[in-house]
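Peer 1: Following this message is one structure expressed as structure tokens.
The values are calculated or read from the model by the stated rules, or taken from the named source; none is laboratory data. The model shown is predicted, which means the values in this text are computed figures rather than measured ones. A quick note on method: Cβ atoms are made from the backbone with ideal geometry, for glycine too, and the neighbour counts reach across all protein chains shown. The area values use the complete protein model at the heavy-atom level, side chains included, leaving out ligands, DNA and RNA. Shrake-Rupley method; radii C 1.70, N 1.55, O 1.52, S 1.80 Å.
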Amino acid sequence: MPSATRPARIGMIVPSSNTCLEPQSYRILGDRDDVTIHFTRIPVTRIALDDSSDRQFDPTVMRAAGQLLATADVDVIAWNGTSGSWLGAEHDRGLVQEIRDATGIPATTSTLAYLEAFRSFGTERIGLFTPYTEDVNRAIMASYQRDGIKTIDHRALGLSDNESFGRVTDDEMRPASLELASARPDALIYLCTNLYGANIAAEVESETGVPVLDSVAVTLWHCLKIAGSPLLAPRWGRLLAG
């Protein structure tokens, strides 16, 4: 007979060209055996401010992906992508409603996880680091401003091919990270779930004293919170530790 007890199960909807969030999520969990993560992919290859890019994040696609994850009896479903940061939080609230209506399972997104983190930690002023183009960054900052989050400085690497984001190295991220932290924001934000920002979170926090919030870690943190599971180790961002 199957066991009546099991680990918490997190379902994640993944951009198809993302090579970071699956291995990084398990790396962050480490040797924990109280939670497992289960993934399904949707087509996403390019990040830009145009209709062809926006159509990648259609609610109908998210709904179908959520229904697939629901067959694994997961406890929470996350759209593990940051599209809502430029399309707007209301867009992601709509995605969450679609998934909940289709599955009856609690849901979140990377963008909504960030907003919950900002609320929980009293974060109002951020330094923003992304691999995106400058215009996408500007849209993100405007969207965050509507939710009461001020970006005091930012850096954009100028990339739009989603697969390329996962090849940005720690050494390429460090200089801009230190520059952004020097402005003393409430937190430094690595915004992209295909960016290995969590790798250097503890290092940057130790050197600058500024908290770091990485997209992969923040999304996992929020999923664990919804599932009622213990939170993360401090090395992935001290604010997320539980």
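Peer 1: Nearest 10 degrees, 0 to 90: what angle lies between the long axis of helix 89-103 and the longest principal axis of the chain (Cα atoms)?
Peer 2: It is inclined by approximately 10 degrees.
Peer 1: Using amide H atoms built 1.01 Å from N in the peptide plane, name the residues 5+ places from ALA78, or on other chains, whose amide H lies under 5 Å from its own.
Peer 2: Long-range HN contacts for ALA78: GLY11, MET12, ILE13, THR108.
Peer 1: Using the crude model of +1 on Lys and Arg Cβ and -1 on Asp and Glu Cβ, and no other charge, please compute the dipole size for region 107-242 relative to its Cα centre, in debye to 20.
Peer 2: 460 debye
Peer 1: Hey, can you grab everything whose amide H is under 5 Å from the amide H of ILE126? Only 5+ residues off in sequence or another chain; H modelled, so Pro and N-termini drop out.
Peer 2: LYS150, THR151, ILE152, ASP186
Peer 1: How many angstrom lie between the Cα centre of region 116-135 and the Cα centre of region 223-237?
Peer 2: Centre-to-centre distance over Cα atoms comes out at 19 Å.
Peer 1: Which whole-number value in Å² is the accessible area per residue of the chain, probe 1.4 Å?
Peer 2: For the chain, the solvent-accessible area averages 40 Å² per residue.
Peer 1: Can you work out the FRET efficiency for the pair ASP73 and SER182, with r the C-beta to C-beta distance and R0 = 51 Å, to the nearest 0.05?
Peer 2: Here the calculated transfer efficiency is 0.60.
Peer 1: Could you please state how large a percent of the accessible area of the chain is carbon and sulfur, counting protein chains only and using a 1.4 Å probe?
Peer 2: Roughly 50 percent, rounded to a whole number.
Peer 1: Continuing with the same structure: Relative to 2.2 N^0.38 Å, what does the C-alpha radius of gyration of the chain come to as a ratio? Two decimals please.
Peer 2: Compared with the compact-globule rule of thumb, the chain sits at 0.95.
Peer 1: Using only Cα atoms, tell me the angle between helix 59-70 and the longest principal axis of the chain; keep it within 0 to 90° and round to the nearest 10.
Peer 2: Relative to the chain, helix 59-70 is tipped by roughly 50 degrees.
Peer 1: Is region 53-179 rounded, prolate or oblate when judged by the Cα gyration tensor, a ≥ b ≥ c being the square roots of its eigenvalues, rounded requiring a/c under 1.5 and prolate requiring a/b larger than b/c?
Peer 2: Cα axes put region 53-179 in the prolate bin.
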